[in-house]
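Asks: For reference, the structure I am asking about is given below.
The values are calculated or read from the model by the stated rules, or taken from the named source; none is laboratory data. Small disclaimer: the values here were computed from a predicted structure and weren't measured. Using ideal geometry, Cβ is built from the backbone for each residue, glycine included, and neighbour counts are taken over all protein chains shown. Ligands, DNA and RNA are excluded from the accessible area calculation, which covers all protein heavy atoms including side chains. Shrake-Rupley method; radii C 1.70, N 1.55, O 1.52, S 1.80 Å.
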Amino acid sequence: MVHFEGVSLKSLLHPKPAGLVLQYGTAGFRTTARHLDHVMFRMGLLAALRAKKTMSTIGVMVTASHNPEEDNGVKLIDPMGEMVAVAWESYATQLTNAEQDALLTTLKDIIKQEAISMDKKAMVFVGRDTRLSSEDLSQAVLDGVSSLGDHSHDFGLVTTPQLHYLVRCQNTNGSYGNASLEGYYQKLSQAFVQITSKVNAVKLTTDQSPLRIDGANGIGALKMREMEPFLQQRLSFNLYNDGTSGRLNHLCGADYVKVQQRSPQGVEMVAGERCCSFDGDADRIVYYYHNPQGHFHLLDGDKIATLISTFIKELLTQAGLNLQLAVVQTAYANGSSTHFLQNNMKVIVECVKTGVKHLHHAAQKFDIGVYFEANGHGTVVFSDSAEEQIKGLAADPSLTEDRKSAAQMLEDTVNLVNQTVGDAISDMLLIEAVLAVRGLSVQQWDKIYTDLPNRQLKVKVADRRAIDTTDAERRATSPAGLQEAIDGIVGKYSLSRSFVRPSGTEDVVRVYAEADTQANADCLAYEVSLAVYHLAGGVGEEPKPLQ
Ligand code: G16
């Protein structure tokens, strides 16, 4: 029996600021941490309901990922480790925005609509990032779960993808791995050691310098330190921005490096040597290096998707496995990457809306779906049948050495990948393994294709919901006249493309532009920003041309 009066009483300890309305965004709720206590309590309630409904363990991660330190947020994790089902996002919004006196009615409505049996106890896994506000906020989640009489396990400081992994392990009786951090480190390290142990024979030609890892002053560096002993010295790396001094995501981290197109502060750059940056909760990664002239070169999610899908495609051919491989991107994917994947690699490419939840589901339609957002958020998903075929082949004693070694490397790749969600640590290990096996330096990887110059900007508007989009966010349907204005501006530049969309994690409109030269991409982005500012209710200073 649930004592709803108890829920009501406990909720008074996590009061909702009257009138505050929040929207479930690209990856959950995200705003200033001051406004999130009631949201966390209520997400604890919702996670418990979801756990009862699915009769599985559900995850709640307290993080605002790439946002500044003063923000926070929450991501809900479904039984197989994926983002919570879209249908439940509206329940999350209803529950979050219900005024205090309507909370119980809203809760009971959800229970009724979903026909949830309240008899059985549920289990919720909770994790948090390193933000100062995260400890109290995760306590609010735990309060929400316990107020319904349900159980929780607090994993404390974890990366977002680690919590996704733990949830999946728990719900698959260990067949995906052991539901512990040690299990995570062991699974990934073992696969990495297996793949790279074959490398000496293949002749290692990749640059021998240690990998420089920028931890964004977040959780990633902490977890790399924990993982280091498991890697058996197969990966030489140095950690920077490890959270011991600088501010989270400030002038560092994957988002800063990608958007600013420059190396982070605090990382010692040596020409030709490879570096990578995680974001605040370690679910994104980008690589980069400086050339001998000191110019910055970025290898973003598109380059990562190309490297990984080429590797898998070659292994499939070598193993003689006929599996359908596809790459899923968003509108932010550089035009050159899409062109290369479709025309040179001849793989299926799909474009979907921003948000890993969209990419993940699109990728699941194929035997092997490689999905990456340009910002470095992505992974690979293998269908059950693909996994079975790979495992079966790897164990087939009648195979030639060549086919057997390809099948075994595919099997190790399956184990190295965190299939639940984009994972900076798992992606990094896979990239390092591919570079080692293929004997590629970061410069050789970079040369696979040349990015079109591009620029991303943000515009502040009174209400970002004024912008609506269609065609996987590539065209704006409102406000009136905006798309026509963008078309007119784009028409003035060569090899150009631009789109705008409301961010689901920050209170801004995002502008993306690409063109034949950096100067043109910058002008295009500026002109489109100006159109957004004037047609969509810009606030504050008018956008200025880039220097
Ligand atoms: C989240 C999502 C990503 C998305 C990013 C930016 O990343 O998980 O899929 O690309 O936000 O979204 P938006 O452009 O809507 O602000 P993270 O790493 O911040 O959780």
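Asks: Across the range 1-31, what is the number of residues that are exposed (fewer than 14 other Cβ atoms within 10 Å of the Cβ) and not in a loop (DSSP other than H, G, I, E, B)?
Replies: Going through the range 1-31 one residue at a time, the tally reaches 3.
Asks: Taking the residues in the range 229-275 that are within 16 Å of the ligand (Cβ to nearest atom) and of a type in the set (A, V, I, L, M, F, W, C) as candidates, determine which candidate is farthest from residue 182 (Cα to Cα).
Replies: Residue satisfying both the conditions and the ranking: 259.
Asks: I want to confirm something. Restricting to the range 324-373 and keeping residues that are among the basic types (Lys, Arg) and either within 16 Å of the ligand (Cβ to nearest atom) or over 26 Å from residue 76 (Cβ atoms) (or both), which single residue is least open to solvent (accessible area, probe 1.4 Å)?
Replies: Per the criteria, the residue is 357.
Asks: Any idea which of (1) under 18 Å from residue 154 (Cα atoms); (2) within 16 Å of the ligand (Cβ to nearest atom); (3) surrounded by fewer than 23 Cβ atoms within 10 Å (Cβ to Cβ) is the one residue 56 doesn't satisfy?
Replies: (2)
Asks: Looking at the range 45-89, which of its residues are assigned to a loop (DSSP other than H, G, I, E, B) and hydrophobic (A, V, I, L, M, F, W, C)?
Replies: Once the filter is applied, which keeps residues that are assigned to a loop (DSSP other than H, G, I, E, B) and hydrophobic (A, V, I, L, M, F, W, C), the range 45-89 yields 55, 64, 80, 84, 85.
Asks: Only residues that are within 16 Å of the ligand (Cβ to nearest atom) and either more than 22 Å from the chain's Cα centre (by Cα) or open to solvent by less than 20 Å² (accessible area, probe 1.4 Å) (or both): list them for the range 473-503, please.
Replies: 473, 476, 498, 499, 500, 501, 503
Asks: If we keep just the residues of the range 380-407 that are under 30 Å from residue 254 (Cα atoms) and in contact with a strand residue (DSSP E or B) (Cβ under 7 Å, 6 or more places away or on another chain), which is farthest from the ligand (Cβ to nearest atom)?
Replies: Narrowing the range 380-407 to residues under 30 Å from residue 254 (Cα atoms): 380-383.
Now drop any that are not in contact with a strand residue (DSSP E or B) (Cβ under 7 Å, 6 or more places away or on another chain), which leaves 380-382.
Working: 380: 16, 381: 15, 382: 21 Å.
This residue is 382.
Asks: Just checking, which of 155, 192 is under 21 Å from residue 416 (Cα atoms) and crowded, with 18+ Cβ neighbours inside 10 Å?
Replies: Criteria check complete, one pass: 192.
Asks: Between 519, 513, 525, which is out of contact with any helix residue (DSSP H, G or I) (no Cβ under 8 Å at 6 or more places or on another chain) and within 16 Å of the ligand (Cβ to nearest atom)?
Replies: After applying the criteria, what remains is 525.
Asks: Sort through 312, 308, 304 and tell me the only one that's within 16 Å of the ligand (Cβ to nearest atom), assigned to a helix (DSSP H, G or I) and either open to solvent by less than 10 Å² (accessible area, probe 1.4 Å) or of a type outside the set (A, V, I, L, M, F, W, C) (or both).
Replies: Unique residue meeting the criteria: 304.
Asks: Could you tell me which of the residues 49, 103 is closer than 20 Å to residue 151 by Cα, open to solvent by less than 10 Å² (accessible area, probe 1.4 Å) and away from the ligand (no atom under 16 Å from the Cβ)?
Replies: 49 is the lone residue from the list that is closer than 20 Å to residue 151 by Cα, open to solvent by less than 10 Å² (accessible area, probe 1.4 Å) and away from the ligand (no atom under 16 Å from the Cβ).
Asks: Which one is modelled with the lowest pLDDT, of the residues in the range 387-412 that are hydrophobic (A, V, I, L, M, F, W, C) and part of a loop (DSSP other than H, G, I, E, B)?
Replies: 399
Asks: In the range 433-472, how many are within 22 Å of residue 520 (Cα to Cα), open to solvent by 80 Å² or more (accessible area, probe 1.4 Å) and not β-branched (Val, Ile, Thr)?
Replies: The qualifying residues number 1.
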